[in-house]
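The values are calculated or read from the model by the stated rules, or taken from the named source; none is laboratory data. Remember, predicted model here, so these are calculated numbers, not experimental data. Note that each Cβ is placed from the backbone with ideal geometry, even for glycine, and that neighbours are counted across all protein chains shown. Only protein heavy atoms, including side chains, enter the accessible area calculation; ligands, DNA and RNA are left aside. Shrake-Rupley method; radii C 1.70, N 1.55, O 1.52, S 1.80 Å.
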Amino acid sequence: AEEVVEHMARALLEKLPDNFDLEKVQDRWPVLYEDSMNTVLHQELIRFNRLLSVVRESLQNILKALKGFVLMSTDLERLSLDMFDGRLPAMWAKK
């Protein structure tokens, strides 16, 4: 089970995109009163960056825990069980 979770975590980390550069987005699509869609875009990118950060950090921590570098917390244990069972991890769904 640990090997499967480790393989999945590594594969997900490789495919996970970098966080969006909000400054570049702001330059290209400025948040203006006249253009509310730019405001929505900016807000959604903030949320998506938060999700990407949580996913990236949790996958890095699960790899460390599997190698014994950090303690396997209950959240990380749930994450590994959810990954192994093919479910959306609860800590990701919250974000």
Within region 76-93, does at least one residue satisfy the condition of being at pLDDT 95 or above, open to solvent by 60 Å² or more (accessible area, probe 1.4 Å) and under 11 Å from the mean Cα position of the chain (by Cα)?
no
Check off (1) free of Cβ contacts under 8 Å to residues at least 60 places away in the same chain; (2) under 21 Å from the mean Cα position of the chain (by Cα) for T39 and give me the number that stays unchecked.
(2)
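Condition check ((1) closer than 26 Å to D82 by Cβ; (2) open to solvent by 100 Å² or more (accessible area, probe 1.4 Å); (3) of a type in the set (S, T, Y)) across all residues:
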{"position": "E3", "(1), (2), (3)": "yes, yes, no"}
{"position": "A11", "(1), (2), (3)": "yes, no, no"}
{"position": "Q26", "(1), (2), (3)": "no, no, no"}
{"position": "D35", "(1), (2), (3)": "no, no, no"}
{"position": "N38", "(1), (2), (3)": "no, no, no"}
Checked pairs for region 9-28, first more than 13 Å from I46 (Cα to Cα), second β-branched (V, I, T) and surrounded by 10 or more Cβ atoms within 10 Å (Cβ to Cβ), C-beta under 7 Å and 6 or more apart or across chains, list as A9/I62; L16/V55
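Is it the case, given these coordinates, that I62 is at pLDDT 95 or above, hydrophobic (A, V, I, L, M, F, W, C), open to solvent by less than 90 Å² (accessible area, probe 1.4 Å) and touching an Asp or Glu at 6+ places or on another chain (Cβ under 9 Å)? Can you show your working first?
Details: at pLDDT 95 or above: yes; hydrophobic (A, V, I, L, M, F, W, C): yes; open to solvent by less than 90 Å² (accessible area, probe 1.4 Å): yes; touching an Asp or Glu at 6+ places or on another chain (Cβ under 9 Å): yes.
It is true that I62 is at pLDDT 95 or above, hydrophobic (A, V, I, L, M, F, W, C), open to solvent by less than 90 Å² (accessible area, probe 1.4 Å) and touching an Asp or Glu at 6+ places or on another chain (Cβ under 9 Å).
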Restricting the first residue to region 49-72 and requiring it to be in contact (Cβ under 8 Å) with a residue 40 or more places away in the chain, which pairs with a second residue that is aromatic (F, W, Y) and open to solvent by 80 Å² or more (accessible area, probe 1.4 Å) meet a Cβ separation below 9 Å and a spacing of at least six or different chains?
L63/F69
